[in-house]
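Enquirer: Pasting a structure here, questions to come.
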Amino acid sequence: MLTHGRSGHVWKFGNNIDTDLIIPARYLTTSDPVELAKNAMEDADPEWADKMNPGDFIVAGDNFGCGSSREHAPIALKATGLSAVIARSFARIFYRNAINIGFPILESPEAAEEIKEGDEIEVDLTSGTIKDLTSGKTYQAQPFPEFMQKIIKAGGLIKYLRQQHPQLR
Amino acid sequence: MGKTIAEKILSSHSGRDAKAGDIVIADLDFMIGQDGTSGVAIDSFRKMNAKKVFDPKKIAIIIDHSSPSPNEGVSAIHKKIREFSKEQGISLYDIGCGVCHQITPEQGHVVPGDLAIGADSHTCTYGAINVFSTGIGSTDLAAGMISGKLWFKAPETLKVVFKGNFPKGVYSKDLILNFIGKIGADGATYLALEFYGDVIKAMSVDARMTISNMAIECGAKVGIMEADEKTLAYEKLHATRKPNPVSADKDAVYKEVIEIDITKLEPQIAKPHTVDNVSPISQVLGTPIQQAYIGTCTNGRLEDFQIAAKMLKGKKVHKDCRLIIAPASKEIMLDMINDGTYQTLIEAGAVGVTPGCGPCVGTHNGVPSDGENVISSANRNFKGRMGNPNAFIYLASPATVAASMLEGKIADPRKYL
């Protein structure tokens with residue numbers, strides 16, 4: 001659930017981190033999140049999946065998640081235990097997929113610019129407040145439209161639809 | 001205040017007066033999945049405890065990304081797709097039928113004025129035949145299959161007008177690469193593109209699909225064109241449903257109008273590892289190439305292969321190169337066999353693989369080696385895209401790919417036309 005704060009260390013990535021970097025197609029032989037997580041970000045940083053710790057954050061530049069519509073991309077990141085991705089901007093399909101599977105993403109150009117690799121940050125996903133505990137600075141991410149907040153609060157589209165439509169329970 | 005094509009189609013499908021920025025729930029005319037994404041969609045469908053799709057006639061799954069299956073993991077996904085399609089009575093296009101984005105318009109599943117989604121980012125291809133079509137993920141596809149509806153945020157629109165005349169050796173691929181190079185990989189994120197101009201009118205429907213196909217490469221939601229007599233002739237040949245062409249109002253509100261004169265355009269190349277890393281061919285001439293690919297939903301249609309065959313007829317692919325070809329559909333492959341295009345290319349040294357995505361997605365059919373350069377008629381050159389993060393992919397028109405195969409290095413097609 002996204003109603004509480006999370007804290008962890010930051011891994012920085014650049015602009016246009018595409019879905020082939022997040023999870024290469026050669027690993028789409030499974031939809032098992034745990035298996036996908038082992039190869040997350042492999043073509044951007046081959047050691048990342050081993051060295052990151054659950055609770056950590058990715059902070060990236062423009063157009064995070066551009067490229068393919070593969071939902072395996074946010075699924076793989078979520079399954080690593082990553083708390084959230086903070087970016088200057090997200091590609092449209094990745095943005096939608098992340099919300100649909102209940103994986104937190106935050107848009108904040110200032111945070112994306114100023115937060116440094118290794119910083120410890122704390123994020124309140126309800127308010128969108130990002131605190132850099134290393135630098136002492138605080139940032140405010142763009143709030144989601146109300147419509148999307150409902151899906152996020154439910155924990156993804158599947159849970160949201162099951163709440164809305166009793167016949168699907 | 002007038003409306004754009006995107007606003008009109010979203011209005012007619014939601015029963016609301018949809019303006020840019022509005023969130024609407026709209027009725028879907030058609031939806032597709034492919035073998036890379038449908039496995040997860042079927043899992044989501046099951047998790048939602050759904051029993052039946054809303055309308056089996058409005059859904060198709062196409063096995064094109066890894067076809068035939070290269071390994072047991074993919075085989076299990078293919079099996080799941082075949083069983084689900086049979087159970088639900090939906091159209092299944094199995095191995096060898098072709099790429100989803102060729103099959104969908106070619107089999108008449110979408111017609112002008114439609115609203116369509118696909119669990120594949122290049123679903124925007126059908127914009128070329130006046131369809132509001134966009135890529136979504138697997139969970140959205142599952143929700144669409146159950147309810148026949150999906151939520152959309154009505155996008156703002158960029159109007160793009162191509163003016164002038166086609167120079168020799170320049171094709172629709174060069175236009176769209178040039179445009180993406182100018183606007184950037186996120187230049188149209190969350191936006192719709194509308195393409196206009198005499199240049200678009202002069203193009204075949206196949207050539208127009210190359211342009212709409214790559215709208216996603218600058219982040220656009222759709223890349224849509226008006227329907228004209230060529231579009232309607234295409235529909236007459238392929239579809240049984242009645243088209244319902246949609247044009248923008250004269251006073252439609254655009255975020256921006258961009259005019260591009262193509263008269264002096266050179267052939268264009270996207271260099272590794274982003275699609276917006278574009279330069280005129282003169283700046284990359286002579287770059288050694290080890291592997292080439294003509295095919296995909298971008299440039300795997302009959303006229304693409306005819307252009308290449310004309311240049312390679314009676315000649316041989318350079319001894320240090322491998323040329324792989326994959327027609328975008330079985331129908332195209334049959335046309336190529338009937339008019340001699342296939343034989344010409346094979347005699348020149350090309351290697352034919354199954355109609356489908358071929359090596360574009362990096363799961364099979366020609367993974368390049370470390371340090372190799374590939375020139376491809378596809379739409380993406382991301383690091384690792386063709387299965388090896390240590391290879392380098394250049395994107396170009398089929399003509400530029402064919403010329404490069406004659407020389408074993410990036411070559412100017414204008415020399416051979």
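The values are calculated or read from the model by the stated rules, or taken from the named source; none is laboratory data. Bear in mind that the values here come from a model prediction, so they are computed numbers and not experimental data. Quick reminder, even Gly has a Cβ in these numbers, built from the backbone with ideal geometry, and neighbours come from all protein chains shown. Accessible surface areas use protein heavy atoms only, side chains included; no ligands, DNA or RNA. Shrake-Rupley method; radii C 1.70, N 1.55, O 1.52, S 1.80 Å.
Enquirer: Name the single residue that is farthest from the other protein chains (Cβ to nearest Cβ) among those in the stretch B:51-63 being surrounded by fewer than 22 Cβ atoms within 10 Å (Cβ to Cβ) and within 26 Å of the chain's Cα centre (by Cα). Steps first, please.
Expert: Pass one, the stretch B:51-63, residues surrounded by fewer than 22 Cβ atoms within 10 Å (Cβ to Cβ): B:51-52, B:54-58.
Applying the additional criterion that residues be within 26 Å of the chain's Cα centre (by Cα) yields B:55-58.
Details: B:Asp55: 17, B:Pro56: 19, B:Lys57: 22, B:Lys58: 19 Å.
Looking at residues that are surrounded by fewer than 22 Cβ atoms within 10 Å (Cβ to Cβ) and within 26 Å of the chain's Cα centre (by Cα), I get B:Lys57.
Enquirer: Another question, then. Taking only the stretch B:339-366 into account, find how many residues are among the β-branched types (Val, Ile, Thr) and farther than 14 Å from B:Ala326 by Cβ. Walk me through it before giving the result.
Expert: From the stretch B:339-366, those among the β-branched types (Val, Ile, Thr) are B:341, B:344, B:346, B:351, B:353-354, B:361, B:363; that's our starting set.
Narrowing further to those that are farther than 14 Å from B:Ala326 by Cβ: B:344.
Of the residues in that region, 1 qualify.
Yes or no, residue by residue, for (1) out of contact with any Leu (no Cβ under 7 Å at 6 or more places or on another chain); (2) open to solvent by 20 Å² or more (accessible area, probe 1.4 Å); (3) more than 24 Å from A:Ala73 (Cβ to Cβ); (4) more than 14 Å from chain B (Cβ to nearest Cβ):
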position	(1), (2), (3), (4)
A:Pro104	no, no, no, yes
A:Ser108	yes, no, no, yes
A:Ala112	yes, no, no, no
A:Glu122	no, yes, yes, yes
A:Tyr139	yes, no, yes, yes
A:Ile152	no, yes, no, no
A:Gly155	yes, yes, no, no
A:Tyr160	yes, yes, no, no
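Enquirer: So for the stretch B:202-213 (the condition being more than 17 Å from the chain's Cα centre (by Cα) and open to solvent by 10 Å² or more (accessible area, probe 1.4 Å)), does at least one residue qualify?
Expert: The initial filter retains those residues of the stretch B:202-213 that are more than 17 Å from the chain's Cα centre (by Cα), namely B:202.
Filter again for open to solvent by 10 Å² or more (accessible area, probe 1.4 Å), leaving B:202.
Yes.
Enquirer: Could you name every one of the helices (runs of 4 or more DSSP H) located completely within the stretch B:100-219 that has at least 2 residues being under 28 Å from B:Glu266 (Cβ atoms)?
Expert: Working: elements: B:100-106, B:138-147, B:172-183, B:198-202, B:205-213.
By residue number, B:172-183, B:198-202, B:205-213.
Enquirer: Moving on to the next point. Here are B:Asp35, B:Asp94: which of them is crowded, with 24+ Cβ neighbours inside 10 Å, of a type in the set (D, E, K, R) and out of contact with any Phe, Trp or Tyr (no Cβ under 6 Å at 6 or more places or on another chain)? Walk me through how you get there before you give the answer.
Expert: Details: B:Asp94 fails: crowded, with 24+ Cβ neighbours inside 10 Å.
Answer to the selection: B:Asp35.
Enquirer: Something else now. State all residues of the stretch A:71-89 that are of a type in the set (D, E, K, R), open to solvent by 10 Å² or more (accessible area, probe 1.4 Å) and under 20 Å from B:Leu141 (Cβ atoms); if no residue qualifies, say none. So that I can check it myself, show each step before the final result.
Expert: From the stretch A:71-89, those of a type in the set (D, E, K, R) are A:71, A:78, A:88; that's our starting set.
Within this subset, residues satisfying the condition of being open to solvent by 10 Å² or more (accessible area, probe 1.4 Å) are A:78, A:88.
Of everything in the stretch A:71-89, just one residue is of a type in the set (D, E, K, R), open to solvent by 10 Å² or more (accessible area, probe 1.4 Å) and under 20 Å from B:Leu141 (Cβ atoms), namely A:Lys78.
Enquirer: Is it the case that the stretch B:64-71 has a residue that's surrounded by fewer than 24 Cβ atoms within 10 Å (Cβ to Cβ) and more than 9 Å from chain A (Cβ to nearest Cβ)? Give the steps one after another, and end with the answer.
Expert: Taking the stretch B:64-71 and keeping what is surrounded by fewer than 24 Cβ atoms within 10 Å (Cβ to Cβ), we get B:68-71.
Of the ones still in play, those that are also more than 9 Å from chain A (Cβ to nearest Cβ) are B:68-69.
Yes, because at least one residue in the stretch B:64-71 is surrounded by fewer than 24 Cβ atoms within 10 Å (Cβ to Cβ) and more than 9 Å from chain A (Cβ to nearest Cβ).
Enquirer: Being surrounded by fewer than 24 Cβ atoms within 10 Å (Cβ to Cβ), in contact with a Gly (Cβ under 7 Å, 6 or more places away or on another chain), in a loop (DSSP other than H, G, I, E, B) and of a type outside the set (Gly, Ala, Ser) narrows it down to one residue among B:Lys250, B:Lys264; which is it? Talk me through it step by step, then tell me what you get.
Expert: Details: B:Lys264 fails: in contact with a Gly (Cβ under 7 Å, 6 or more places away or on another chain).
It is B:Lys250.
Enquirer: Shifting gears a bit: Does any residue of the stretch B:220-233 turn out to be closer than 19 Å to B:Ala378 by Cα and either free of Cβ contacts under 8 Å to residues at least 40 places away in the same chain or in a helix (DSSP H, G or I) (or both)?
Expert: The answer is no; no qualifying residue exists.
Enquirer: Evaluate the stretch B:80-95: report whether one residue or more is among the aromatic types (Phe, Trp, Tyr) and without any contact (Cβ under 8 Å) to a residue 60 or more places away in the chain. I'd like the intermediate steps shown before the answer.
Expert: First pass over the stretch B:80-95, keeping only residues among the aromatic types (Phe, Trp, Tyr): B:84, B:93.
From what is left, the residues that are without any contact (Cβ under 8 Å) to a residue 60 or more places away in the chain are B:84, B:93.
Checked the stretch B:80-95: at least one residue is among the aromatic types (Phe, Trp, Tyr) and without any contact (Cβ under 8 Å) to a residue 60 or more places away in the chain.
Enquirer: Take B:Met48 and decide whether it is modelled with pLDDT under 95 and open to solvent by less than 10 Å² (accessible area, probe 1.4 Å).
Expert: Details: modelled with pLDDT under 95: yes; open to solvent by less than 10 Å² (accessible area, probe 1.4 Å): yes.
In short, yes.
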